[in-house]
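A short worksheet on the structure shown next.
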Amino acid sequence: MKCATSAIYQSPNIVFIMVDDMGWNDVSFHGSDQIITPNIDNLAYQSIILQQYYSEAICTPARTALLTGKYPMRLGMHGMPLFNSEDRGIPLTEKLLPSYLKDLGYTTHLVGKWHVGMSREQYLPTSRGYDTHYGMRGGFIDYYTYNKIETWPNGRQHFGLDLFDNDIPQDEEQRYIVDALTDRAVKIIRRHNSSCPLFLHVTHNAPHAGNDGAALQPPLYSSVRHRHIANSNRRLYAEVVSKVDQSVGEIVKALSDMNMLEDTIIIFASDNGAPTLGDFPNWGVNLPFRGKKNTPWEGGVRVPAFIWHTSFRPKVWTGLMHITDWMPTLIAAAGGTIDKEIDGVDQWQSMIRDAKSLRKEVLIAVEDSDRNVYAAYRAGDYKIVVGNVSGLNNGYYGENYMAIKSQTPEYFPLLQNCEVARVFEKIGIYLHRQEVMATRRATTIKPQGPVTNVTLCEPTPTRGCLYNILQDPSERRDLWEKANNIAVMLTSRLRSLWSMQQRRGPLVLSLDSDPVNFNYTWRPWINDRNGSDLNEVNTRHESIKSDGTFDKNSQTSDKKTYPKFNDRKINYKNITMATVVNCEGATVIRNFLCILRSVF
């Protein structure tokens, strides 16, 4: 196997650490003294901190965007995340980030959460460019039993083990899941053949909530710290976050022990904002941002992120960046190029040279379900939210969770005495209090006033909301009327992007996926390795109506046609050009766009 791009350029190792459902206010380098994350902070203060980094609003779309460099709506992977029982995944026509890196000589490993397809073997990580996968295939698991309990819209439940070492179920695993994933990541580092560059993708399930019976699952057999936190649930959440912080320290130490650290790029990012309340709440906090996970507001999509390398000059980079940018950026860092049109922008030179971002716009969110139809888009400093967001969490959440009942720990000594600080000292990197505090102030976004009794703009089918995000990151001051010319321009561009989406089709859940059929283990239930049509299978399934009930006519074992995710040709060369939306095409772009057109 070729292990370098050329005799002159040696590709760096890449360690990408993605956490699950961590909010903006859940890391202390953003200014909070409530949950201290010393290992993460030490890395951040020596990194390029991405102050205006956008992910997707929820799990499956975020991972799709990262791995493909495309907006998920182009692939039918936007909106609600995958059920384990759903026959859907990133289209097999897409070449993913690990495959590009393998072409450049990398060994590629995924440790942790996948959540972009598991109904067929072709969708699994080891079929999509990873040499190995240790972790979960679906959306989340219990931290101790490693079971995923999946509740269907009618209340039917399926449950089974979802922890694998490649294809081997981990029935005998007994460790806390964060420890198990960390130990595997460390083992991969220690066993790595240094003649090849390493891509290690660590995707923690933490601090995502566990199963309904125990949403918060901190480590057992240890005292609960964080006594200064008044809210009990927030205190338990802090224990989970601290365990993730410890994991980061152990991974950095392993890289140092193997003399790999100074030739390794480390990325840290959350997949989306925290679900402070609602479905699967974890008591994470996105303040001072508005909204939460699975909303188009900043709290759902603007998340902690930074990139580290020993050669970087530490800084807070204010350039606009989106999760789709990682693929072209990391391929460029590895000495390669992307040979097709994507939405991601190569930000490598912009970041390392502290130059302006090459990204001018971000399609933040698209949702076209039967319940809600909305979209959010940012161009330059301005952002619009249009459509129907009724029933979503559109306010500010978690202020009461931030209460402190006693003296908070002194911050700087904790930074000095963590694993990453000790590792850095060995290579001549030292913390300086004034520099740390100056960076911390630069990354802290202060609240713009109390979050209670605030009248906020919520879009309607005939009127959207417009914000200057640079001046108003909390999305309090609507400018739709004052700057209507800007609103019209942004809406026109958003209309063009909306018309390019690949519709998901109805939710279809398969009875054949039930883990009871596989000794209570979540496994691929469709075997089409012998050449059967990927979009037609013999399986029992149930289609979900808009009211959450089942379509009884669909509960048969006859041959069924599943939604095709590759049947629409998209000219990616035109993705930056506005197009005219025809209201007669409402079956594709929905009446929502036609309403917008009539307004302007």
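The values are calculated or read from the model by the stated rules, or taken from the named source; none is laboratory data. Computed from a predicted model, the values in this text were never measured in an experiment. Counting neighbours? That spans all protein chains shown, and the Cβs are built from the backbone with ideal geometry, glycine included. The area values use the complete protein model at the heavy-atom level, side chains included, leaving out ligands, DNA and RNA. Shrake-Rupley method; radii C 1.70, N 1.55, O 1.52, S 1.80 Å.
Annotations
- Scanning region 445-455 for residues that are open to solvent by 40 Å² or more (accessible area, probe 1.4 Å) and in contact (Cβ under 8 Å) with a residue 60 or more places away in the chain yields Lys446, Pro447, Gln448.
- Some residue of region 340-352 being open to solvent by less than 20 Å² (accessible area, probe 1.4 Å), outside any helix (DSSP H, G or I) and without any contact (Cβ under 8 Å) to a residue 60 or more places away in the chain: yes
- Strands (runs of 3 or more DSSP E) lying entirely in region 502-545 (those with 1 or more residues that are at pLDDT 95 or above): 508-510
- Complete set of residues in region 375-388 that are surrounded by 23 or more Cβ atoms within 10 Å (Cβ to Cβ) and either under 21 Å from Phe280 (Cβ atoms) or in contact with a helix residue (DSSP H, G or I) (Cβ under 9 Å, 6 or more places away or on another chain) (or both): Ala375, Ala376, Tyr377, Arg378, Lys383, Ile384, Val386, Gly387
- Single unsatisfied condition, His109 versus (1) open to solvent by less than 10 Å² (accessible area, probe 1.4 Å); (2) within 18 Å of Ile14 (Cβ to Cβ); (3) in contact with a helix residue (DSSP H, G or I) (Cβ under 7 Å, 6 or more places away or on another chain): (1)
- Of note, Glu367 satisfies the criterion of being assigned to a strand (DSSP E or B) and either among the β-branched types (Val, Ile, Thr) or out of contact with any helix residue (DSSP H, G or I) (no Cβ under 7 Å at 6 or more places or on another chain) (or both).
- Remark: pairs (first residue in region 13-35, open to solvent by 10 Å² or more (accessible area, probe 1.4 Å); second residue polar (S, T, N, Q) and in a strand (DSSP E or B); Cβ separation under 9 Å; 6+ apart in sequence or on different chains) = Asn13/Thr264.
- Check on Ala442, surrounded by 12 or more Cβ atoms within 10 Å (Cβ to Cβ), touching a strand residue (DSSP E or B) at 6+ places or on another chain (Cβ under 6 Å) and not in a loop (DSSP other than H, G, I, E, B): yes
- Selection count, region 158-197, where residues are hydroxyl-bearing (Ser, Thr, Tyr), open to solvent by less than 10 Å² (accessible area, probe 1.4 Å) and in contact with a Pro (Cβ under 9 Å, 6 or more places away or on another chain): 0
Per-residue answers, yes or no, for (1) buried (at least 20 other Cβ atoms within 10 Å of the Cβ); (2) out of contact with any Asp or Glu (no Cβ under 7 Å at 6 or more places or on another chain); (3) farther than 30 Å from Asn400 by Cα:
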| site | (1), (2), (3) |
| --- | --- |
| Arg156 | no, yes, yes |
| Ala209 | yes, yes, no |
| Asp212 | no, yes, no |
| Leu220 | no, yes, no |
| Asn231 | no, yes, no |
| Val252 | yes, no, yes |
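- Restricting region 457-501 to residues that are open to solvent by 30 Å² or more (accessible area, probe 1.4 Å) and part of a strand (DSSP E or B) leaves a set whose member that is nearest to Gly395 (Cα to Cα) is Thr460.
- The C-beta contact set for region 163-185 (first residue closer than 12 Å to His204 by Cα, second residue among the basic types (Lys, Arg) and assigned to a helix (DSSP H, G or I), distance under 7 angstrom, 6+ apart or interchain) comprises Val178/Lys243.
- Considering residues of region 336-386 that are basic (Lys, Arg) and over 25 Å from Gln51 (Cβ atoms) only, the residue modelled with the lowest pLDDT: Arg371
- Residue count for region 72-82, restricted to those that are within 15 Å of Leu97 (Cα to Cα) and open to solvent by 10 Å² or more (accessible area, probe 1.4 Å): 0
- Complete set of residues in region 402-419 that are among the charged types (D, E, K, R) and surrounded by fewer than 17 Cβ atoms within 10 Å (Cβ to Cβ): Lys405, Glu410
- Among the candidates Thr337, Thr318, the residue that is part of a strand (DSSP E or B) and surrounded by fewer than 24 Cβ atoms within 10 Å (Cβ to Cβ) is uniquely Thr318.
- Test: Ile49 is of a type in the set (A, V, I, L, M), more than 20 Å from the chain's Cα centre (by Cα) and within 29 Å of Glu262 (Cα to Cα): no
- With respect to the conditions (1) out of contact with any helix residue (DSSP H, G or I) (no Cβ under 8 Å at 6 or more places or on another chain); (2) over 15 Å from Gly31 (Cβ atoms); (3) hydrophobic (A, V, I, L, M, F, W, C), Phe424 falls short on a single one, namely (1).
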